[in-house]
Amino acid sequence: MSDKFDGWGFEHRDLFLSAGPCSAESEEQLLSVARALEGHGVGFLRAGIWKPRTRPGAFEGVGLRGLAWLDRVRSETGMKVGTEVAEPAHVEACLEFGMDVLWVGARTTTNPFSVQSIADVLKGVDIPVFVKNPMSEDIGLWVGALERLSNAGLKRLGAIHRGASSPLEMRYRNAPAWRMPVEFMRLMPYVPILCDPSHISGKAEFVPLIAQESMDLLFDGLMVEVHPDPLHALSDAAQQLTPVGFIQMVEGLRKPKEQGGGVEYAQRMSVLRNTVDEVDAQLLELLEKRMGVVREMALAKEKENISTLQPHRWQEVLLDRISRGESLGLSGNFVLGLMQLVHEEAIRQQEAERCC
Ligand code: PEP
Ligand code: MN
């Protein structure tokens, strides 16, 4: 297990694992998953008992009685247990039942008032709390939520990356948006971070793929939805693994290290990195050259009182660049995102040129 978990009181493994159903549905369901997972290195059994559903009418969780079930699972199996909290009353109930771990869900991280009210009731309590990233790709809210909890005196704080909603994402339920956790690791290098491949994937078949990607990005562990009978799950049925599927996945994961490799590897990497450095330098020079042309265009437009934004031209440019990119093997989404960034900067520079 990553040394970021030192002092957390969890058994030392090379990977921190949380697994369990999306929702607690019955005591039998929880006991069945817990027994199937026992002895497989699961740090804590997860199960949601208050489910924040996007629209009313869906299964909203079993509520308080789920805490008694989790308590029973813990005393029967010795496994640690945890659940999602979204408001002070949830936290108080969890503390009363002695839950081992809490986590703040994506919808709650989005709201600083909610996070602060949770932090307020946790003041002076020593319990591990994980915070999922917000629904949208807003790293400030994620970091801010952890800061609020840290300011309340909590020491055992972790993060969970569950992807972000994106209208451009076609394959997965939530876009993996890896740049966000990568940036999180840079900003909060001492905070352990788990990947939740279940909510990113939305489909059980993609879960191992996303889990492996997260290992390659040096995540410290995983939170995975595991249900004894996924097809009949009351929430998130499509994305839950069976206990056997989960155990097989974990056994099959490669866990790469950040450093190491032989002399030959070091030499080869040095050559390749030099090439990357040169290509990046060329890219930046080309981008500046493009901006220079754009600034000249701004002056010409200013003289004739023509708008900075040229929607028809922008549409043509975008379609052309996406198709050129695709013929070179670059993904359409990547080129779209890149061109949007370039265009945004081009507009900013044109406006700066025009106004002064
Ligand atoms: C969950 O873990 O079941 C859940 C609701 O996830 P998220 O907050 O990431 O949507
Ligand atoms: Mn879920």
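The values are calculated or read from the model by the stated rules, or taken from the named source; none is laboratory data. Keep in mind it's a predicted model, so treat the numbers as computed, not measured. Note: ideal-geometry Cβ built from the backbone for every residue, glycine included; neighbour counts use all protein chains shown. With ligands, DNA and RNA removed, areas are computed over all heavy atoms of the protein, side chains included. Shrake-Rupley method; radii C 1.70, N 1.55, O 1.52, S 1.80 Å.
For GLY61, the amide hydrogen comes within under 5 Å of the amide hydrogens of LYS51, counting only partners 5 or more places away or on other chains and with H modelled in the peptide plane. Residues SER136, SER2, sorted by accessible area with the largest first, give SER136, SER2 [1.4 Å probe; ligands and nucleic acids excluded]. The distance linking segment 110-184 with segment 19-96 is 20 Å (Cα centroid to Cα centroid, whole angstrom). Note that segment 120-133 has calculated 3J(HN,Hα) couplings of 4, 6, 8, 3, x, 9, 10, 9, x, 10, 9, 10, 6, 5 Hz, one per residue in order, obtained from phi through the Karplus relation 6.51 cos²θ - 1.76 cosθ + 1.60 (θ = phi - 60°); glycine and proline are x. Of the whole protein surface, HIS40 contributes about 80 Å² of accessible area at a 1.4 Å probe radius.
Expressed as a whole percentage, what fraction of the accessible surface of segment 263-355 belongs to carbon and sulfur atoms when a 1.4 Å probe is rolled over the protein heavy atoms?
Using a 1.4 Å probe with all protein chains present, segment 263-355 comes out at 58 percent carbon and sulfur.
Counted residue by residue at 0.36 nm each, then reduced by the alpha carbon distance between them, the extension gain from GLU96 to MET269 reaches 56.9 nm. Taking a straight Cα-Cα cut-off under 25 Å and skipping sequence neighbours fewer than 8 places away in the same chain, the lysines within cross-link reach of LYS123 are LYS4, LYS51, LYS80, LYS132, LYS155. Amide H contacts of GLY48 (H built 1.01 Å from N, in plane; Pro and chain starts excluded): SER23, ALA24 sit under 5 Å, all sequence-distant by 5 or more or on other chains. Selection among SER2, VAL250, VAL104 by position relative to the dipole of the chain gives VAL104 as farthest towards the positive end (Cβ unit charges, Cα centre). Beta bridges from DSSP with both residues in the chain: antiparallel share about 5 percent, rounded to the nearest 5. Our helix-only sum for the chain, with -39,500 (n - 2.57) per DSSP H run of n ≥ 4 divided by its residues, gives a mean residue ellipticity at 222 nm of -16000 deg cm²/dmol. If only the Cβ of Lys and Arg carry +1 and only the Cβ of Asp and Glu carry -1, the dipole of segment 1-91 around its Cα centre is close to 240 debye.
Put simply, the amide H of MET223, placed in the peptide plane, has neighbours under 5 Å in SER18, CYS195, ASP196, leaving out anything fewer than 5 places away on its chain. Tell me, what is the FRET efficiency for SER136 and ALA300 to the nearest 0.05, using R0 = 30 angstrom and their Cβ-Cβ distance as r? It comes out at approximately 0.20.
Of all aspartates and glutamates in the structure, those lying under 13 Å Cα to Cα from LYS257, and not within fewer than 8 positions of it along the same chain, are ASP14, ASP216, ASP220.
Rounded to the nearest 20, the Cβ-based charge dipole of the chain about its Cα centre (Lys and Arg +1, Asp and Glu -1) stands at 280 debye. Does segment 3-252 come out rounded, prolate or oblate, given a ≥ b ≥ c as the square roots of the eigenvalues of its C-alpha gyration tensor, rounded meaning a/c under 1.5 and, failing that, prolate meaning a/b above b/c? In terms of gyration-tensor shape, rounded.
Look at the Cα gyration tensor of segment 263-355: its axes a ≥ b ≥ c give a/c of at least 1.5 with a/b at or below b/c, and that counts as oblate.
Around ARG13, what is the net charge, scoring Lys/Arg as +1 and Asp/Glu as -1 over all other residues with Cβ under 15 Å from its Cβ? Counting the neighbours of ARG13, the net charge comes to -4.
What does the charge add up to near PHE113, with Lys and Arg as +1, Asp and Glu as -1, over the other residues with Cβ less than 14 Å from its Cβ? That works out to 0. Evaluating 6.51 cos²θ - 1.76 cosθ + 1.60 at θ = phi - 60° for every residue in segment 92-101, the Karplus couplings come out as 4, 5, 5, 5, 4, 8, x, 3, 7, 9 Hz, glycine and proline recorded as x. Taking θ as phi - 60° and the Karplus parameters 6.51, -1.76 and 1.60, the scalar couplings of segment 285-302 work out to 4, 5, 5, 5, 4, 5, 5, x, 5, 4, 5, 5, 4, 4, 5, 5, 5, 4 Hz in sequence order, x denoting glycine and proline. Seen from GLY78, the other residues with C-beta closer than 15 Å to its C-beta sum to a net charge of -1, counting Lys and Arg as +1 and Asp and Glu as -1. Per residue, the accessible area of the chain comes to 52 Å², computed with a 1.4 Å probe over protein heavy atoms only.
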